[in-house]
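*Asks:* Take this structure first; my questions come after.
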Amino acid sequence: MTAAAPGIPGVRKAAAVVLALGLSATLAACSGDDGDGGGKGGGDPKLSVTGAYVSQPPMTDMAAGYLTVRNAGGGADELTSVTTPLASEVTLHTTKGTRMKQVSSLDVPADNRLELSSGGDHLMLTNLSHRPKVGEKVSFTLHFATSAPIEIKVPVEPTTYRPKD
């Protein structure tokens, strides 16, 4: 038994090293700094756009745009502007009750979405280059406070169009 005794401290030291490495890896995975959205407000935004469309405008100089920005990331962002060759100006609007108000940005919450819809928050396109026709595709570039711009092609839908949930 005395021959085995010198090996025991070596085994204990090796086990302690393995345990320390395992704990370090576990703590690093739980830190929330890796952008996986584990911590509230931690991580980076991961944005995508769905359901975008422009209603065919009844007038020749103004149209409205709608879309949903989904954020699968753990960090929030803001939609700060939208550009399109269809309009010389695109403004962001919120709607509270029956009151519409122009704003400088719209929040894209972490692990959530920003919905721009008829009767709610929306885009106003003014000074149109032409009156778009149903079926036409319009290019939009969405600009954000922290994320890279997103370019999309947006269909023109009839004035009475309402997306299905």
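The values are calculated or read from the model by the stated rules, or taken from the named source; none is laboratory data. Keep in mind that what you see is a predicted model, and the values were worked out from it rather than measured. Here the Cβ positions follow ideal geometry from the backbone for every residue, glycine too, while neighbour counts run over all protein chains shown. Accessible surface is based on the protein model in full, side chains and every heavy atom, while ligands, DNA and RNA are left aside. Shrake-Rupley method; radii C 1.70, N 1.55, O 1.52, S 1.80 Å.
*Asks:* Quick check on this structure: which one of Asp36, Asp44 is open to solvent by 60 Å² or more (accessible area, probe 1.4 Å), in contact with a Gly (Cβ under 9 Å, 6 or more places away or on another chain) and modelled with pLDDT of 50 or more?
*Replies:* From the options Asp36, Asp44, the qualifying one is Asp44.
*Asks:* Further question on the same structure: So, in region 57-89, how many residues would count as being modelled with pLDDT under 95 and polar (S, T, N, Q)?
*Replies:* Looking only at that region, the number is 1.
*Asks:* Which of the strands (runs of 3 or more DSSP E) contained wholly in region 51-150 include at least 2 residues that are surrounded by 14 or more Cβ atoms within 10 Å (Cβ to Cβ)?
*Replies:* Of the strands (runs of 3 or more DSSP E) lying wholly inside region 51-150, those with at least 2 residues that are surrounded by 14 or more Cβ atoms within 10 Å (Cβ to Cβ) span 62-71, 77-83, 87-96, 106-108, 112-116, 122-128, 137-144.
*Asks:* Taking the conditions exactly as written (over 14 Å from the mean Cα position of the chain (by Cα), at pLDDT below 95 and closer than 16 Å to Val54 by Cβ), does Arg99 satisfy them or not?
*Replies:* no
*Asks:* List the residue pairs whose Cβ atoms are under 7 Å apart, where the first residue sits in region 67-94 and is over 14 Å from Val54 (Cβ atoms), the second is open to solvent by less than 20 Å² (accessible area, probe 1.4 Å) and of a type in the set (Asp, Glu), and the two are 6 or more positions apart or on different chains.
*Replies:* From region 67-94, the pairs are Asn71/Asp77.
*Asks:* Which members of region 151-162 meet the condition of being open to solvent by less than 70 Å² (accessible area, probe 1.4 Å) and assigned to a strand (DSSP E or B)?
*Replies:* The answer is Ile152, Val154, Pro155, Val156, Glu157.
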